[in-house]
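The values are calculated or read from the model by the stated rules, or taken from the named source; none is laboratory data. Please read these numbers as outputs of a predicted model, since none were measured by experiment. So basically every Cβ, Gly included, is an ideal-geometry build from the backbone, and we count neighbours across all protein chains shown.
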Amino acid sequence: MSTQPNDKGAQAVIHGLQERIQALRALIEHHARRYYEFDAPEIPDSDYDRLFQELQQLELSHPQLRTPDSPTQRVLGQVLQGFAPVAHTVPMLSIRTETDTTEAGAREFDARIRRELGLAPEAAAVRYCCELKFDGLAINLRYEHGVLAQAATRGDGETGEDVTQNIRTVRQIPLRLQTHSRPCPEVLEVRGEVYMRRDDFEALNERQRSLIAAGHRQEKTFVNPRNAAAGAVRQLDPAIAARRPLSFFAYGLGQVQGWGGALLQGPTSHSEILQALSDWGLPVDEHRQVVEGAAGLVAFHRDIKGVRDHLPFDIDGVVYKVDDRSTQDRLGFVTREPRWAVAHKYPAQEEMTVLRAIDIQVGRTGKLTPVAKLEPVFVGGTTVSNATLHNEEEARRKDVREGDTVIVRRAGDVIPEVVSVVLQRRPPGVGAPFDLVQRLSGRCPVCASPIAREQGEVDWRCTGGLYCPAQRKHALLHFASRRALDIEGLGDKVVEQLVDLGIVGTLPELYRLGVAKLAALDRMGDKSAANLVAAIEASKQTSLARFLFGLGIRHVGEATAKDLARHFGSIDRIMGASLQALLEVPDVGPIVAQSIRGFFDQPHHREVVEQLRAAGVQWNEGRGVRSDTPRPLAGQTLVLTGTLPTLSRDEARERIEAAGGKVAGSVSRKTHWVVAGAEAGSKLEKARELGISVLDEDGLKAMLEGPAQEGAT
């Protein structure tokens, strides 16, 4: 059958949408990693929110283009190396951000809640609990029989980092709850925010400046209270964390076991939960308030805006939550966010200054970012001398030139940006419009590799990849990450020293490291060095999918790496695959295919692969499979809970995905199976409530061997 012209047009539209969606996903994942993993965001929260909302709208309009690995389907972020992972029994989800900073944002949230509940105009107003949106690090505190047993970061929402020893140094957090007036449940997980007060932050920086002046070169000052707090919580040495003045506010619950009966009846509203937390001796912010309807939300937002600058800590908005818990249950969740809550932001703060020069920085992933060098100006509580211009297109759109007077915004209280040019103050003879390619003569300023920009994208990037010194640290950390080669002990501090001292410049050089060289590094004794050498040696036995993911090919995430490994079976077939052959792989579109082809067209990337194989890195290879080969769990959604007898969580996930299934983080009516092991928690209870089939490990293995059949086990 011949393709009609209108069919070709429709296909072109779909291809265009796919490219935009893939570009958005890549941008969102990049910026999420910068924010959650490195505490170094590159764009304001408002820009991130716009990217996320655009992706949500595209996937909502075209659900056939939504995939399980989309950022909208999960909470972003990763567990950092150096801390033990902690699985959250109840996921630490995020809430939607309302970026309309006017009172219309509050009114729209109330209108949306009333529509969801089917309330008539004359129906009574909805009660809301309003709180402040703190600018810190989300933490889960687990109390068992009233005693603090564990503290974990949010991580990716499903798995966080065990930071118990550091959290114990926060004096505001009780090690034992006060239960004399109100008994507490047997297991109580408290969700809250670790932050740093402004006066404590200024005192900390003053102390740091004194140390630097005294010759302590390893010390530094901190950019803002949030980064200082997050860095303290993530210190491997609790003694360092103890020297940072941290504070804490509780604002919700995670897993709870033991509520029921007359004495331990669970609260029926969110405001009652906050009062219970306060009764148990946990700090809860005093600005919380229960209000009625849209008018109450508007008044709260306005009142807090008036006192924002006088608060002893940073906030970037307020949070509204439907107060009644049964109504929360009725409203439920949409993918990764509760329908019953929203964060309402405030406008960013702005100041005027002079742009002295424009530098071009090469990011950890090769992105070329123009940076405005400014006459120092005090904005949003700190002195700013650099501000991002994001990319060449944005710089041209704003017509930013060296010598201009510009408006700088410290958006989201995180990273400064140039908002606009004050044209009335433009001096005569100011420089020409910014041209990144011309400025660099088309070459990376660090490694001289050609720069390139993919179709539909705005960012120029260095194509040097693993070869570019500016990208080496990122390449090594990614290669060693848990989902890639999983080299325990090869974290930020070690990689930074290895690269800065010229010990390691390429991935294959990792496998030539010995105990002597490693033991000479700061904070690396003989035992730690021996352990790291052993971990590097153990990483030689891996899988093709992990190896592919570890290479850091742009747009190739875990799921795509698994699809490529399954489809082709060998690295040589992947490296030699044509664009057409790559497009035959499930979920690989033109952008991803071009990225893979472009990566392996670079001779130095092929050389890295060959050198890694020569160093002993190996995996099992096969013949590959056709994309239409039936898989026993195709189309099935499974949820894992508890500890399985022989399979780790990662092993079970990999086997399910290899069989065509999807592993979800929470139980819903769309879940086909729940795989339960020892100490299964609320997910198992939810499965029973919904009548969802439950499997043990043997049942899962049986399903992996043959076609899945519906029915309880």
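Brief remarks follow.
- Within region 91-115, being of a type in the set (Ser, Thr, Tyr) and closer than 22 Å to Asp303 by Cα holds for Thr97, Thr99, Thr101, Thr102.
- Across region 83-91, not a single residue is classified as touching a strand residue (DSSP E or B) at 6+ places or on another chain (Cβ under 7 Å), assigned to a helix (DSSP H, G or I), at pLDDT 85 or above and not assigned by TED's automatic domain parsing to the domain that holds Gly557.
- Checked across region 305-315, the condition of being over 24 Å from Met196 (Cβ atoms), under 30 Å from the mean Cα position of the chain (by Cα) and either surrounded by 16 or more Cβ atoms within 10 Å (Cβ to Cβ) or among the charged types (D, E, K, R) (or both) holds for no residue.
- 3 or more residues closer than 30 Å to Val585 by Cα: qualifying helices (runs of 4 or more DSSP H) within region 633-711: 649-658, 697-704
- Test result for Ala106, more than 25 Å from Lys345 (Cα to Cα) and modelled with pLDDT of 90 or more: no
- For region 437-450, the candidate set comprises residues that are touching a strand residue (DSSP E or B) at 6+ places or on another chain (Cβ under 6 Å) and of a type in the set (A, V, I, L, M, F, W, C); within that set, the residue that is surrounded by the most Cβ atoms within 10 Å (Cβ to Cβ) is Cys444.
- All positions within region 564-597 that are outside any helix (DSSP H, G or I) and either crowded, with 20+ Cβ neighbours inside 10 Å or touching a residue at least 60 places away in the same chain (Cβ under 8 Å) (or both): Ala577, Val585, Asp587, Val588, Gly589
- Among the residues listed as Ala294, Ala276, Ala299, Ala343, the single one being free of Cβ contacts under 8 Å to residues at least 12 places away in the same chain and either in a strand (DSSP E or B) or surrounded by 15 or more Cβ atoms within 10 Å (Cβ to Cβ) (or both): Ala299
- Ala387 being in contact with a Pro (Cβ under 8 Å, 6 or more places away or on another chain) and under 24 Å from Asp309 (Cα atoms): yes
- When the residues of region 302-340 are filtered to those that are assigned to a strand (DSSP E or B) and more than 20 Å from Ile113 (Cβ to Cβ), the one that is modelled with the highest pLDDT is Ile315.
- Qualifying residue in region 465-482 (condition: of a type outside the set (A, V, I, L, M), without any contact (Cβ under 8 Å) to a residue 24 or more places away in the chain and assigned to a loop (DSSP other than H, G, I, E, B)): no
- With respect to the conditions (1) surrounded by fewer than 17 Cβ atoms within 10 Å (Cβ to Cβ); (2) more than 25 Å from the chain's Cα centre (by Cα), Phe434 falls short on a single one, namely (1).
- Highlighted here are the strands (runs of 3 or more DSSP E) found entirely within region 110-197 that include at least 1 residues which are small (Gly, Ala, Ser): 137-144, 147-153, 159-161, 187-195.
- Positions within region 492-510 being crowded, with 18+ Cβ neighbours inside 10 Å and not hydrophobic (A, V, I, L, M, F, W, C), in sequence order: Pro508
- The listed residue being buried (at least 19 other Cβ atoms within 10 Å of the Cβ) and among the hydroxyl-bearing types (Ser, Thr, Tyr), out of Thr382, Thr353, Thr405: Thr353
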